[in-house]
């Protein structure tokens, strides 16, 4: 306990440096957030280009496209472009289109007989909001068409009455209406939405906020652990000779690092929250983190960050190689795990690797709280990685002590 | 108090560093361990301090084997390794506070052994800003917590100026006169003057050696 307290005191000595580094990084982060928010707003005011793929030969479709093009241009305009599916996939991943529909073969023929073959709709996580808007708009179009069509059904009833078919008109009207209701009800299955990439559900703002926050934590920990690199190991030998095992030494040092990190993060976390409240930086749909997300999401990520950073700095022989090595390893790992660049735009092989990186699991753990999904798997993975890095640190310390602390 | 070191052996991979290290000492004695670089002097001290495990042998203190009794060894042995076993970012007081309880620390600083070592002069100085002599005195001060009867020192006066060496030497003499046992690994003839008996480690074994003050003779014996 005494060792933990003294180590904490030692770690807190670099707090001004940490706060300076963190403030600079946080400023960069805020600029990215503001730019992202502005881009999102611009997107909302711009035309949405949507790819249309598949069986689009019918003249009825051409009529439909014209209708969509004419929808309320003061708010937004959807521009459908016909293309093949391969081109659509490429354009979606490079953000040239916001989404694409795949019209299945024989769709129109089936629809004419009241059968539904679902249209598949593909979007990216960043275009989820756009997807909702498009679906709402399509629903409104379908609603209007159907309402007008039902007026036609009632008109037909009046026509039957006028021509002296009163005795059968009521029965025929019931039959028409039942057929009609069947058709409307089954139209609910008309569109199936699928989201490209493995981070389904998060918008670009949330996605970047979570990913860059994980990266920021790993970078701002550097001032806290850099004194660990190239330390005089004879101190550990003396500790061992006084009965303090390698496990207890590493545990106390890790605990002190974690405490300092948690203090720094929660002090700093207050700044963007306050700034967000004052200047509406995060926007109305900004980050909303619950107490459960802090306890089971943020804290495990901080445990992982401290055990990872501790291990890396324990491993390197001197401060220069430790700082540069740690920086490049962390940046590379954050990149391939999709923390600093959207994962869905990366090759599928990298996406699979992201599942097995500590930073990828950390990002997914925090994301799971924003998406209100079960955090169990990423939580266990994060804790497992933390335990692994801790065990490796104990191993390195033990190896050092077996050489007499040299 | 009597200590007996019997047949200590240690192997690093295939390399046998120590084969049969045997000697004994009683209260108030200082034993000097000398030898060529890499002969196993520091390894011997780290085994006696409990940092490394010996492959065989005993370290008896009044008949009890300290190599198998960690609790007894922690109290009986103080260890000052070759490097700087201190927390660089903290001051002298904080470093001492790790090993002493507050009351004992205050007592030792006010006229006790820490005062004799002159630690009061730099109590609030951060280790990273201390001179080599200050660091060494502070290291010895830390090792003396709980008054260990056996003090193991690995080249305590290397790279220090003459005045500083003298200060440490004076303190170690005082420690001896109070009944402490010193085991000193050294290359320094000034340190050898402190020793009542010396041993050279040759081929992993301890060979008794009487230092007459002739450095050339010492070099011949070691090589």
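Residue by residue, here is whether (1) under 18 Å from residue B:132 (Cα atoms); (2) under 13 Å from the mean Cα position of the chain (by Cα) holds:
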residue	(1), (2)
B:155	yes, yes
B:162	yes, no
B:167	yes, no
B:181	no, yes
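Residues in region A:9-20 that are in a helix (DSSP H, G or I) and crowded, with 18+ Cβ neighbours inside 10 Å were compared, and the one that is farthest from the other protein chains (Cβ to nearest Cβ) is A:18.
To keep it simple, each residue is scored yes or no on (1) part of a helix (DSSP H, G or I); (2) within 19 Å of residue A:219 (Cα to Cα).
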{"residue": "A:305", "(1), (2)": "yes, yes"}
{"residue": "A:330", "(1), (2)": "yes, yes"}
{"residue": "A:333", "(1), (2)": "yes, yes"}
{"residue": "A:340", "(1), (2)": "no, yes"}
{"residue": "A:350", "(1), (2)": "yes, no"}
{"residue": "A:362", "(1), (2)": "yes, yes"}
{"residue": "A:366", "(1), (2)": "yes, yes"}
{"residue": "A:394", "(1), (2)": "yes, no"}
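If you filter region B:79-98 down to residues that are under 17 Å from the mean Cα position of the chain (by Cα), touching a residue at least 24 places away in the same chain (Cβ under 8 Å) and more than 16 Å from residue B:125 (Cβ to Cβ), you find that the one that is surrounded by the fewest Cβ atoms within 10 Å (Cβ to Cβ) is B:82.
Return a yes/no flag: does region A:54-72 have any residue that is modelled with pLDDT of 75 or more, over 30 Å from residue A:266 (Cα atoms) and in contact with a strand residue (DSSP E or B) (Cβ under 7 Å, 6 or more places away or on another chain). Yes.
Among the residues of this structure, residue A:28 does not count as one that is in contact with a helix residue (DSSP H, G or I) (Cβ under 9 Å, 6 or more places away or on another chain), crowded, with 16+ Cβ neighbours inside 10 Å and either modelled with pLDDT under 70 or away from chain B (no Cβ under 14 Å) (or both).
Of the residues A:96, A:86, the single one that is in a loop (DSSP other than H, G, I, E, B) and either at pLDDT below 65 or under 28 Å from the mean Cα position of the chain (by Cα) (or both) is A:96. Looking at region A:278-291, can you tell me whether even one residue there is out of contact with any strand residue (DSSP E or B) (no Cβ under 7 Å at 6 or more places or on another chain) and modelled with pLDDT of 85 or more? No, region A:278-291 contains no residue that is out of contact with any strand residue (DSSP E or B) (no Cβ under 7 Å at 6 or more places or on another chain) and modelled with pLDDT of 85 or more.
Is it true that residue A:381 is farther than 15 Å from residue A:218 by Cβ and buried (at least 20 other Cβ atoms within 10 Å of the Cβ)? When the stated conditions are applied, residue A:381 passes them. Got a sec? Which of B:91, B:120 is modelled with pLDDT of 85 or more and within 14 Å of chain A (Cβ to nearest Cβ)? After applying the criteria, what remains is B:91.
The values are calculated or read from the model by the stated rules, or taken from the named source; none is laboratory data. These numbers come from a predicted model, not from an experiment. For neighbour counting, all protein chains shown are included, and Cβ atoms are generated from backbone atoms with ideal geometry for every residue, glycine included.
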